[in-house]
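Have a look at the structure below, then the notes.
The values are calculated or read from the model by the stated rules, or taken from the named source; none is laboratory data. Predicted model only: the values in this text are computed from it and were never measured. Counting neighbours? That spans all protein chains shown, and the Cβs are built from the backbone with ideal geometry, glycine included. Calculation scope for accessible area: heavy atoms of the full protein, side chains included, ligands and nucleic acids excluded. Shrake-Rupley method; radii C 1.70, N 1.55, O 1.52, S 1.80 Å.
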Amino acid sequence: MVSRIFGFARDMLLARILGAGLAADAFQLAFTLPNTFRRLFAEGAFSVAFVPMYSRALHGEGGEAAAAKFADDVLSVFLWVLLVFSAIMMIVMPGIVWILARDFQHVPGKFDFAVFLSRVTFPYLALISLVAMLSGLLNARSRFAPGAFAPVLLNIVLIGGIVTGWWLRGPGGDDRIVAEALAAAVSIAGVVQLAYMWWAVRRAGLKLHWRLPKLTPEVRRLGTLILPATFGAGIYQISQFVDTFFATSLPQGSLTLLKLADRLNQLPLGIVGIALGTAILPMLSRHIHGGDSAEAQRLQANAFEIATLLTLPAAAALAICAPAFVTAFFVGGKFTDADGLIMAQIVVALIAGLPAYVIVKILNPGFFAREDTKTPVWTALASLTVNIAINLYVVERYGIVGLAAATAVSASINCILLYIVLHRRGWFHFTGKLAGKIARQLIAVAAMAALLWVLMPLMEPYYSGNAFERIWSLALLCGAGGAVFFIAAFIVGALDKDLVAMLTRRRGKPAEIQE
């Protein structure tokens, strides 16, 4: 949550200082490349393959010694793969940018500037991939705090880059100076995150050793799991490349508006979906490898209930209040009212898929914990195909808003397909109790939505007022909406003492075994 808040502050500054122009678009593309590969590979495919294997070694006959050897072997191979891959990508970067944003060539200097910034930011991928591995070591031991805090450091360094660039640019200066400072800050942030995670791992009593790379059977097994998982675990990230391709063909500023709108969408997704998915994977792996299918079912059902409890009201509130949030947080400086109007429409379209984005993070571990990384490939391929097909139709007619809606539809299809396969294999099923809980949650969401629908027009003059007016008007919306939802949820039975216990992890009884 702290990370997402700092990221939100970063994008607020970025919008006001750079607006939605040439420099902003070029930076958004440059940041998209390593950031999407990070989510797709480092935090996606690598983590879901590495954590179960490391956890099994740790809790197997070999214990600490076997787990340490496996980690050392992986690090020795992984490091060279990252270095070679990063070097190749930086060499062929003009071709990569041409594939994703060939229409940048129509604006003088924009294409070359995007290539330059992309080369500056791309080393971040190798650094953050090592961070993901170190986080995996700690996650397998149920130590989640260091890995969760590392992105905070990224956003702090990026905020420093924005402020530095703004200072160097001065009044009326070239926006490219800000973009260059920000691009440099991305790679610097990777160094800071790696140093922090290395310290956290050593503090936990773990030691890693550099060795000559050797493809042991375990490392080869990890590789065979990573390759399909690279696609299956990252449909949302792959869709980002597809969206980037289509967004760069639209009027200048469209890519920036899409990325800023996605920040509002990522706020609940990062806090709820990624956190739950990360937390349940090692626990699910232990239950499955221990033959306790009933506990595995209960764990996923609990995660599903928590996800919908937090996601459904967030989606409804963001959809209704999108104009208020965008105006209050982003409009100002170089970010115009017209930019804000378009961005609010994009937010509504993206938010339609928020429940699906989060639930996918709950369903995927059901496959990954069983070392089945192939099935999600097929569901991802189907939904990605639908996404591209819809984009070919809607982008020309509805522009950037249609593109965002296509992403939401494809994510929903992926979610439905994943559940169907899990259900048919007997790995997870939707119980009557869970359906009843979600129905009660929807009643509470409807009560909250009705209140927000009434409050929105009444508070409209204050969203674009001074800082104090913007803060108190949004605080009133959030506070009133949240209070009505949780009161209604308690009254109708969507929020009970067992669920509160799972959310707060009461002392004396671990959350993973509560009934």
Of all residues in the range 291-332, how many are at pLDDT 85 or above and not in a helix (DSSP H, G or I)? 3
If we scan the range 346-362, do we find a residue that is open to solvent by 10 Å² or more (accessible area, probe 1.4 Å), within 24 Å of Val178 (Cβ to Cβ) and not acidic (Asp, Glu)? no
Filtering the range 160-182 for residues that are among the charged types (D, E, K, R) and open to solvent by 70 Å² or more (accessible area, probe 1.4 Å) leaves a count of 3
Under the condition of being part of a helix (DSSP H, G or I) and of a type in the set (S, T, N, Q), which residue from the range 356-392 is modelled with the lowest pLDDT? Asn364
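Criterion first (open to solvent by less than 70 Å² (accessible area, probe 1.4 Å), at pLDDT below 90, over 22 Å from Ala314 (Cα atoms) and of a type outside the set (D, E, K, R)) does Pro510 satisfy it? Before you say what the answer is, go through the steps one by one.
Values: open to solvent by less than 70 Å² (accessible area, probe 1.4 Å): yes; at pLDDT below 90: yes; over 22 Å from Ala314 (Cα atoms): yes; of a type outside the set (D, E, K, R): yes.
The answer is yes for Pro510.
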Given the conditions (1) open to solvent by 50 Å² or more (accessible area, probe 1.4 Å); (2) within 27 Å of Gly481 (Cα to Cα), which single one is not true for Glu396? (2)
Within the range 309-334, restricting to residues that are small (Gly, Ala, Ser) and more than 22 Å from the chain's Cα centre (by Cα), the one that is most open to solvent (accessible area, probe 1.4 Å) is Gly333
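Helices (runs of 4 or more DSSP H) wholly in the range 56-145 with at least 2 residues that are open to solvent by 40 Å² or more (accessible area, probe 1.4 Å) - which ones?
On the way: elements: 63-91, 93-101, 110-121, 123-139.
Output list reads 63-91, 93-101, 110-121.
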What are the pairs with Cβ atoms under 6 angstrom where one residue, in the range 186-209, is assigned to a helix (DSSP H, G or I) and the other, located anywhere, is open to solvent by 40 Å² or more (accessible area, probe 1.4 Å)? Sequence gap at least six, or different chains. Ser187/Pro123
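For (1) of a type in the set (S, T, N, Q); (2) under 21 Å from the mean Cα position of the chain (by Cα); (3) closer than 24 Å to Lys259 by Cβ, each residue gets a yes or a no:
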{"site": "Pro355", "(1), (2), (3)": "no, yes, yes"}
{"site": "Ile359", "(1), (2), (3)": "no, yes, yes"}
{"site": "Leu363", "(1), (2), (3)": "no, yes, no"}
{"site": "Glu371", "(1), (2), (3)": "no, no, no"}
{"site": "Ala380", "(1), (2), (3)": "no, yes, yes"}
{"site": "Leu384", "(1), (2), (3)": "no, yes, yes"}
{"site": "Leu392", "(1), (2), (3)": "no, no, yes"}
{"site": "Gly399", "(1), (2), (3)": "no, no, yes"}
{"site": "Ala405", "(1), (2), (3)": "no, yes, yes"}
Restricting the first residue to the range 213-237 and requiring it to be part of a helix (DSSP H, G or I), which pairs with a second residue that is small (Gly, Ala, Ser) and modelled with pLDDT of 75 or more meet a Cβ separation below 8 Å and a spacing of at least six or different chains? Glu218/Ala57; Phe231/Ala380; Gly232/Ala380; Ile235/Ala380; Ile235/Ser383; Ile235/Ser410; Ile235/Ala411; Tyr236/Ala411
Leu269 under 30 Å from Arg102 (Cβ atoms), open to solvent by less than 10 Å² (accessible area, probe 1.4 Å), assigned to a helix (DSSP H, G or I) and modelled with pLDDT under 70: yes
Looking at (1) under 28 Å from Met12 (Cα atoms); (2) modelled with pLDDT of 90 or more; (3) of a type outside the set (Ser, Thr, Tyr), which is the only condition Ile96 fails? (1)
Total residues in the range 20-55, condition open to solvent by 20 Å² or more (accessible area, probe 1.4 Å), of a type in the set (Phe, Trp, Tyr) and either modelled with pLDDT of 75 or more or within 15 Å of Ala369 (Cβ to Cβ) (or both): 1
